[in-house]
1. Only one of (1) at pLDDT 80 or above; (2) small (Gly, Ala, Ser); (3) loosely packed, with under 11 Cβ neighbours inside 10 Å fails for A:Ala96. Which number is that?
2. May I ask you to list the residues in the range B:62-77 that are more than 14 Å from A:Leu69 (Cα to Cα), facing another protein chain (nearest Cβ under 7 Å) and not polar (S, T, N, Q)?
3. Say we look at the range B:38-87 and pick out the residues that are farther than 24 Å from A:Met16 by Cβ and basic (Lys, Arg); which of these is modelled with the lowest pLDDT?
4. Quick one: B:Thr32 ticks every box in (1) facing chain A (nearest Cβ under 8 Å); (2) under 15 Å from A:Gly26 (Cβ atoms) bar one, so which box is it?
5. How many residues are within 10 Å of B:Ala14 (Cα to Cα) and either acidic (Asp, Glu) or at pLDDT below 90 (or both) when one looks only at the range A:1-37?
6. Only one residue in A:Ile75, A:Ile89 is hydrophobic (A, V, I, L, M, F, W, C) and in contact with a Phe, Trp or Tyr (Cβ under 7 Å, 6 or more places away or on another chain). Which one?
7. When B:Met59 is evaluated against the numbered criteria (1) surrounded by fewer than 23 Cβ atoms within 10 Å (Cβ to Cβ); (2) more than 21 Å from A:Ala88 (Cα to Cα); (3) within 7 Å of chain A (Cβ to nearest Cβ), which criterion, by number, is the only one it fails?
8. If the Cβ limit is 7 Å and pairs must be 6+ apart or interchain, which residue in the range B:1-29 that is more than 8 Å from chain A (Cβ to nearest Cβ) pairs with which residue that is part of a helix (DSSP H, G or I) and hydroxyl-bearing (Ser, Thr, Tyr)?
Amino acid sequence: MIDLADSRHLAAYVLMALGLGFDLVGCIGLVRLPDVYNRLQAGTKCVTLGTFLLLLGVVVRFGLDAMGLKSLLCIWFVAMTSPTAAHAIARGAHRAGVPLASGSVVDRYREDGEAFGGTSARETVRRESVP
Amino acid sequence: MSPLEMLMAGLLVAAALCLFRAWRGPTPADRTVSVDLLGILMVGFCALLTVQTGKDLYMIVGLAWSLLSFVGSLTLAKHLEGRRFDD
């Protein structure tokens, strides 16, 4: 006979250990990868998912009481804000002229004419008037 | 060490890696990325503290921390672009 409380605690620990694994992999990527954009890629995705799983462990552990509901709200905040902040940092770094790593093959943002100060109004009008 | 303390130690190792990148990072953008990630990691640390103490308080700290870290990251990103804080 499986004790329900014990199995819930075990499931919470498994979720938290998985989340910690994602956090560690993300931070190793933050240290090891060559340029800002790669670091942002590895760090943000892995750490967001890792924190998601840690908070989900709290929900599984306590159920939907005061702590579990706050944890769900925290999951919502992290899932909404972290990609937005990563996007803003990547755009800021690109506009500040941080170079890409030497092995990079494509830079779509620059091809769109957004790089290094953004488009002027004249360029925007010209590109929109092309059929 | 209990399993929970081992999880906390692992999270502190991850935070130390983030601080290493903030120390070494060749450009300001690297430091901004690492500070942003450090904020998200600390929200997870607040979740572990909630489980260890069984207190509601730490989850509230995590909620406030996630939002404040978001605002701080946006402000630093704007500063990276070279814009003023009020445009």
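1. (3)
2. Selection gives B:Leu67, B:Phe70, B:Leu74, B:Ala77.
3. B:Arg84
4. All conditions are met except number (2).
5. Summing the residues that are within 10 Å of B:Ala14 (Cα to Cα) and either acidic (Asp, Glu) or at pLDDT below 90 (or both) in the range A:1-37 gives 1.
6. A:Ile75
7. (1)
8. Listed pairs, sorted by first residue: B:Ala22/B:Ser34; B:Gly25/B:Ser34.
The values are calculated or read from the model by the stated rules, or taken from the named source; none is laboratory data. Worth saying up front: this structure is predicted, and the values here are computed from it rather than measured. Heads up, the Cβs are rebuilt from the backbone with ideal geometry, glycines too, and the neighbour counts pull from every protein chain shown.
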